[in-house]
Amino acid sequence: MSTIHQGSIEERVRKCLREQAESFGTKFVEIPNYASLVDDLEFDSLGLAEATMAIEDEFSLYVEDEEMKSLTTVQQVIDLVTAKVGG
């Protein structure tokens with residue numbers, strides 16, 4: 001059974017996404033779960049690829065390109081990571 005809790009996953013996913021968005025110049029106080037990866041975080045294909053790599057590194061997991069491209073919100077990313085880590 002995984003020892004990673006949902007709250008920890010959410011915080012860590014948001015941290016990865018925030019850092020990636022900020023590296024492209026988008027600043028946030030808070031990133032809500034309903035935020036759009038494209039419209040709110042302003043990720044283009046490069047930003048999405050780099051966010052995917054950051055999440056893979058943070059959680060020591062692999063995300064298929066097509067899996068990540070199908071996600072549109074922060075919550076969907078959290079759900080995907082939760083499913084992959086068994087949380």
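Here are some notes:
- Cβ-Cβ distances below 6 Å connect the following pairs, each with a first residue in the range 57-71 that is acidic (Asp, Glu), a second residue that is surrounded by 14 or more Cβ atoms within 10 Å (Cβ to Cβ), and a separation of six or more residues or different chains: GLU58/ARG12; GLU58/CYS16.
- The residues on offer are GLU19, GLU10, GLU42, GLU30, and the sole one that is of a type outside the set (Gly, Ala, Ser), more than 9 Å from the chain's Cα centre (by Cα) and assigned to a helix (DSSP H, G or I) is GLU19.
Here, each number is a calculation from the coordinates, and none is a lab measurement. All of these numbers come straight from a predicted model, not from anything done at the bench. Every residue, glycine as well, gets a Cβ built from its backbone with ideal geometry; the counts of neighbours run over all protein chains shown.
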